[in-house]
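Trainee: I'd like to ask some things about the structure below.
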Amino acid sequence: MKALVTGATGFIGSHLVDELLKRGYEVACLVRRTSDLRWLDGLGAAIVYGDCESPDSLRDLAVDYDYVFHLAGLTKAKKDEDFFSANVKGTENLLRIIAAGGTKLKRFLYLSSLAAVGPGNHNDASGEVTKANPVSSYGKSKLEAERVTLRYEKEIPVTILRPPAVYGPRDRDLFLFFKMIGKGFYPYWGKCYYSFLYVEDLVKGMVLAAEAEKTRGRVYFLSDSKVYSNEEIVTEIAEVLQTKATKLMIPKGLMTLFAAISAKLTNGASIINRDKVKELNQSQWVCHNERAEREFGFIPKVMVKEGIKWTADWYRIHQWL
């Protein structure tokens with residue numbers, strides 16, 4: 001089987017490449033010429049240069065793949081229009097090239113996000129796009145990219161997955177909280193509830209969804225099937241790091257200021273940014289995966305307790321902590 005992976009140099013994409021190669025896939029990675037290939041070096045995956053935001057760079061893209069896993073996009077941006085350029089236009093450009101090639105593609109899997117449907121406690125029946133209500137520009141761009149993907153469903157067999165917060169080795173977003181907790185504090189703006197998913201469970205779920213016939217034209221949530229409060233997550237991280245962390249109380253009214261400071265300190269690369277504040281101000285980001293389990297056998301193996309330990313171990317080994 002031949003698979004093309006976009007976003008392969010990123011946190012989730014690099015783990016997906018690992019998983020596909022383990023399963024015997026012939027893997028090609030669509031990357032920009034400026035991309036950091038550190039997680040792909042020595043794996044044996046082919047490198048194909050191109051940029052989903054640039055149709056000209058995709059004109060010579062071969063379309064003889066069995067599967068395309070589209071992960072490329074932006075999760076952080078200084079301007080709202082950047083989200084739509086990368087996540088919507090980039091997705092549409094890729095789909096147009098594939099459709100024009102008269103492909104025999106078995107599946108185009110688009111990795112969306114829980115942010116596309118918005119906050120709340122979503123059950124498996126909430127997979128319909130019409131029920132989505134994103135609160136952030138990122139979420140709105142992911143929802144629009146879903147709609148673009150589904151418009152090609154008659155020409156290309158598509159599947160869409162909406163994971164919640166994803167964590168694990170190589171992740172830099174939750175790492176920020178590991179780092180703060182390791183220093184003895186963490187930001188707190190009220191009790192919130194979240195779904196999580198360990199990256200290895202996610203990439204296995206992606207392959208299962210792509211290979212299953214029943215998933216064509218469908219939208220699914222994936223999670224580890226549990227619900228966690230922010231305080232529970234902090235407790236687990238603090239326990240693994242063998243430290244105690246004090247709450248740094250941040251009134252919701254000051255969240256935008258806190259985000260601006262965070263963005264300045266990280267050159268705009270922080271998970272806590274102006275757009276993310278729109279999501280952080282919500283108290284529930286929860287989804288359930290009964291439908292995914294029922295229709296393509298997705299059963300998560302890693303819960304937060306062990307997943308956080310393994311993630312912290314990786315951070316230590318690689319001297320991030």
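Trainee: Thinking of the chain as a set of Cα atoms, what percent of all their pairs are more than 31 Å apart? Spell out each step's value before the answer.
Mentor: Details: 14185 of 51360 pairs.
Across the chain, Cα pairs with separations above 31 Å total 28 percent.
Trainee: Hey, another quick one. What net charge is computed for the residues neighbouring Arg172, neighbours being all others with C-beta under 15 Å from the C-beta of Arg172, Lys and Arg scored +1, Asp and Glu -1?
Mentor: Working: positive: Arg38, Lys76, Arg170, Lys179, Lys276; negative: Asp36, Asp171, Asp173.
Charge balance near Arg172 sits at +2.
Trainee: What does the helix-only formula give at 222 nm for the chain: each DSSP H stretch with n ≥ 4 adding -39500 (n - 2.57), the total divided by the residues, and the result rounded to the nearest 500 deg cm²/dmol?
Mentor: That comes out to -11000 deg cm²/dmol.
Trainee: Would you please give the FRET efficiency between Leu150 and Trp310, computed as 1/(1 + (r/R0)^6) with r the Cβ-Cβ distance and R0 = 35 Å, to the nearest 0.05?
Mentor: Numbers: r = 35 Å, r/R0 = 1.01.
Calculated value: 0.50.
Trainee: A further question on this structure: Taking a point 7 angstrom from the Cα of Arg216 along the C-beta vector, which residues in segment 149-181 have backbone N less than 12 Å away?
Mentor: 153-159
Trainee: Output wanted: per-residue J couplings in Hz (rounded whole) for segment 74-79, from phi through Karplus 6.51 cos²θ - 1.76 cosθ + 1.60, θ = phi - 60°, x for Gly and Pro.
Mentor: For segment 74-79, the Karplus-derived couplings read 10, 9, 9, 7, 7, 10 Hz, x marking Gly and Pro.
Trainee: What net charge is computed for the residues neighbouring Ala209, neighbours being all others with C-beta under 13 Å from the C-beta of Ala209, Lys and Arg scored +1, Asp and Glu -1? All intermediate terms of the calculation are to be shown ahead of the outcome.
Mentor: Working: positive: Lys106, Arg107, Arg162, Lys204, Lys214, Arg216, Arg218, Arg291, Arg294; negative: Glu19, Asp201, Glu211, Glu213, Glu293, Glu295.
Counting the neighbours of Ala209, the net charge comes to +3.
Trainee: Beta carbons within 10 angstrom, averaged per residue: use that to sort the peptides 309-321, 280-292, highest first. List each step's numbers first, then the result.
Mentor: On the way: 309-321: 14.9, 280-292: 20.1.
In decreasing order of mean packing, 309-321, 280-292 become 280-292, 309-321.
Trainee: Counting only other residues whose beta carbon sits under 11 Å from that of Asp275, what net charge do I get with K and R as +1, D and E as -1? Don't skip to the answer; put the middle values down first.
Mentor: Values: positive: Lys76, Lys78, Lys79, Lys140, Arg274, Lys276, Lys278; negative: Asp80, Asp82, Glu279.
Once all neighbours under 11 Å are counted, the net charge is +4.
Trainee: So, one more: Too long at a 20 Å Cα-Cα cut-off: which of Lys79/Lys276; Lys140/Lys301; Lys226/Lys301; Lys2/Lys140; Lys140/Lys214?
Mentor: The pairs that break the limit, which is 20 Å between Cα atoms, are Lys140/Lys301; Lys2/Lys140; Lys140/Lys214.
Coordinate-derived values only; no laboratory data. Note that the coordinates shown come from a computational prediction; the quantities given were computed from them, not determined experimentally. Please note: Cβ atoms are built from the backbone with ideal geometry, for glycine as well, and neighbour counts cover all protein chains shown.
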